[in-house]
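Okay, structure first, notes after.
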Amino acid sequence: MIKKLISGGQTGADSCIIRVGGRLGIPIGGMVPKGWQTEQGAKPALREYGFTESSCSDYAARTRKNVENSDATLIFASRIHSDGTALTVDHAKKIGRPFLVVNPFDSTVVETIVPWLKTTQAHVLNVAGNRESVAPGIAGQSERVLHAALSRQDQSHNDS
C-alpha cells in the first residue's frame, strides 16, 4: 500500500503527485534541483508541498536520488526514449529497484499498473516521466491514471 508519493517536481508526469496525493490523502515529496528549477523556471512553492531542494542543480542527481529514496518507480512516458526516462530506468536497474514504464495514454494502462503495485508492495512510490514540453497533456493524463490505479489498489487492499 502506497504511504508516500515522490517525484522530481518537474512539469508533466512528475507534477501529477501533487493533485493525486492531495485528493487521496497521501503525503508527497521528493528531491528537486537546487533553486527549485523546473522547465517553467524556479518553483520555490514546491517546498510547501513537501519537496526538498537538492544541494546541486543537476537534474540527473535529483533523478537518481528519487529512485534511491523509493521502493519502486512508476514512469509515465509517451516518448519512452527521452534522456530522463533512460536515466531513470538505468539507475533503477543499477540499484535493483522495481520500475514500470507505461504510456498513460494507453487505454489499458490502469490494468497494467494495479497488479504491478501489488507485486512490488511499495510504500514509497517515485513517479517520473516525460515533461509537459516533451509530451503535451501528460500531466493531466498521468494524474487521471495514477488516481485511478491508486484508488483501485486501495479498494483491492480493503477487500483482502
(message) Can you go through 107, 70, 55, 82 and tell me which one is touching a residue at least 60 places away in the same chain (Cβ under 8 Å) and of a type in the set (Gly, Ala, Ser)?
(response) 70
(request) Any chance you could count how many residues in segment 77-105 are touching a helix residue (DSSP H, G or I) at 6+ places or on another chain (Cβ under 8 Å) and under 16 Å from residue 139 (Cα atoms)? (result) 9
(request) Hand me the list of strands (runs of 3 or more DSSP E) wholly inside segment 1-97 holding 1 or more residues that are at positive phi and at pLDDT 95 or above. (result) 28-32
(message) Name the single residue that is farthest from the chain's Cα centre (by Cα) among those in segment 117-137 being in a helix (DSSP H, G or I) and in contact (Cβ under 8 Å) with a residue 40 or more places away in the chain.
(response) 120
(message) For the list (1) modelled with pLDDT of 95 or more; (2) loosely packed, with under 14 Cβ neighbours inside 10 Å, I need the number of the one condition that residue 118 fails.
(response) (2)
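The values are calculated or read from the model by the stated rules, or taken from the named source; none is laboratory data. For clarity, every value in this text was computed on a predicted model and none was experimentally measured. FYI the Cβ positions are ideal-geometry reconstructions off the backbone, even for glycines, and counts take in every protein chain you see.
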